[in-house]
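What follows is a short report on a single structure.
The values are calculated or read from the model by the stated rules, or taken from the named source; none is laboratory data. Since the model is a prediction, treat every value here as computed from it, not as a measurement. Glycine gets a Cβ as well: all are built from the backbone with ideal geometry, and neighbour counts include every protein chain shown.
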Amino acid sequence: MGSYYTETQGIESWKKELSEPEKQWKSGLSAKELALSWEEANGFPLSIQEAFQDSGIPLFKNTTFLFGFPEYKIPLPGGGTSSQNDLYVLAKASDELLTIMVDGKVSEPFGKTVGFWRGTDPSSAKRKKLAKLLTTLKLEEEDVLNKRYQLLHQTVSALIEAKRVQAKNTLLLIHSFSKTASGFDEYCEFVKMFELMPLRNSVVGPVLLNGVDVYFGWVTEVNNNINMEENETPQAIKEKNTTIKKDTNKFVTKINHEVMYSADQFNNDINIGEFVNTTLIGLIKNRQLSNEMVEWLTDTEYCKEVFDINYPVLKKLDETVPSSEQRKIRGYNRYWTKIVYIHQARYLICNDWHERNRVKYQRWLVRVENK
């Protein structure tokens, strides 16, 4: 790609950069939705700004949009086809350069798995290219075969561009316009390889690779004026139906004495109260809560600051008073009926959770799981 660029003249300038404009440039498909969102914002769309703030990561508290380059190609190590990113943003975050590779998504899949792309009898060129990509990301081939090749090469492209402009930080950002968050599970599987816990509408990281701090983000922005159903592929519809049918009680599993969470835990369609109750009980059963943490969770001020709830998450039972009476605060039941046992004491769990608490609770949950 040349080193000279011109300003866009509205969304039509984005259309000209597409490889198949007549096929890709339609309302409800990612190319046009991405262009509309970013051109209208003339910088970071509001949904992106909110995700940066909600991440709680200091780097993203003060992020300034500098330049954006639609359909930006980056040559990959090993040669062959370049990595084409829907949008490359050069930004400034906390007085440091930040490269952001944005991938727009509606119902379009992330493409082939690494195993499918490689094939059963790969050429020497493919072997060489894959080896270089894996070396860059410090991954092993057997671990990535069922992951999406697109996410692999886009992460490498973000790293390459960061090194080129001497940026210390880079972000792979999925900007989704899908009501069902199609592809989120595949994104989660990829990000978890770096021992990070992916979140919707937030940023996670960093992981240090080749001297660059790498972050990952997923943001959903839905245009309710567009009927996405008309553009959903059979695979996307199948994924939606599967999501609806999932057993919401299966949040927590015990593997090698560690609490591991599936991508379902951050499905925002699941009631926040049910999510908190199930995951918290899982942590308790697996003894993930230290004595100190239990004490904090019974503290009103701590719970207000961390979760923005009005009551302690845990309430230690007074054995001289019926538990049914202790559930109530000013005449209202603010705690669930179920009694949980923690370190040989009995507690009730607060049931007064609202959507505004979701992201704060998820952040706390990830921190506890990672200790």
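Miscellaneous remarks
- For region 346-364, a residue qualifies if it is more than 16 Å from Glu274 (Cβ to Cβ) and either more than 18 Å from the chain's Cα centre (by Cα) or basic (Lys, Arg) (or both), and the qualifying residues are Arg346, Tyr347, Leu348, Arg356, Lys360, Arg363.
- Residues within region 323-344 that are within 14 Å of Thr298 (Cβ to Cβ) and outside any strand (DSSP E or B), tallied: 3
- Any hit, region 330-340, residues being in contact with a Ser or Thr (Cβ under 7 Å, 6 or more places away or on another chain) and either in the same structural domain as Val276 (by TED's automatic domain parsing) or crowded, with 16+ Cβ neighbours inside 10 Å (or both): yes
- Just so you know, in region 87-107 the residues that are modelled with pLDDT under 90 and buried (at least 20 other Cβ atoms within 10 Å of the Cβ) include one that is nearest to Leu66 (Cα to Cα), and it is Val106.
- In region 310-322, the qualifying residues are those that are touching a residue at least 24 places away in the same chain (Cβ under 8 Å) and in a loop (DSSP other than H, G, I, E, B), and the one that is surrounded by the most Cβ atoms within 10 Å (Cβ to Cβ) is Val313.
- Every condition in (1) free of Cβ contacts under 8 Å to residues at least 60 places away in the same chain; (2) over 21 Å from the mean Cα position of the chain (by Cα); (3) within 16 Å of Leu171 (Cα to Cα) holds for Ile74 except the one numbered (1).
- Screening region 48-120 for strands (runs of 3 or more DSSP E) wholly inside it with 2 or more residues that are assigned by TED's automatic domain parsing to the domain that holds Arg164 and among the acidic types (Asp, Glu) returns the ranges 96-105.
- Region 213-237, subset buried (at least 21 other Cβ atoms within 10 Å of the Cβ) and either touching a strand residue (DSSP E or B) at 6+ places or on another chain (Cβ under 6 Å) or at pLDDT 90 or above (or both), residue farthest from Glu355 (Cα to Cα): Val214
- Every residue from region 6-20 that is more than 15 Å from Gln84 (Cα to Cα) and loosely packed, with under 14 Cβ neighbours inside 10 Å: Thr6, Glu7, Gln9, Gly10, Glu12
- Flag for Thr180 being in the same structural domain as Asn62 (by TED's automatic domain parsing), among the polar types (S, T, N, Q) and under 22 Å from Val212 (Cα atoms): no
- Contact map, region 278-299: residues that are assigned to a loop (DSSP other than H, G, I, E, B) paired with residues that are surrounded by fewer than 17 Cβ atoms within 10 Å (Cβ to Cβ) and not charged (D, E, K, R), Cβ distance under 7 Å, separation 6+ or inter-chain. Pairs shown: Gln288/Val368.
- Lys129 passes every criterion in (1) within 24 Å of Gly68 (Cβ to Cβ); (2) in a helix (DSSP H, G or I) apart from (1).
- Residues that are at pLDDT 65 or above and crowded, with 19+ Cβ neighbours inside 10 Å do not occur anywhere in region 251-258.
- If you go through region 300-309 and keep only what is aliphatic (A, V, I, L, M) and part of a helix (DSSP H, G or I), you end up with just Val306.
- Among the residues listed as Ala158, Ala181, Ala167, the single one being part of a loop (DSSP other than H, G, I, E, B), touching a Leu at 6+ places or on another chain (Cβ under 7 Å) and either touching a residue at least 24 places away in the same chain (Cβ under 8 Å) or closer than 22 Å to Val368 by Cβ (or both): Ala167
- Some residue of region 44-53 being modelled with pLDDT under 90, closer than 24 Å to Ser107 by Cα and exposed (fewer than 12 other Cβ atoms within 10 Å of the Cβ): no
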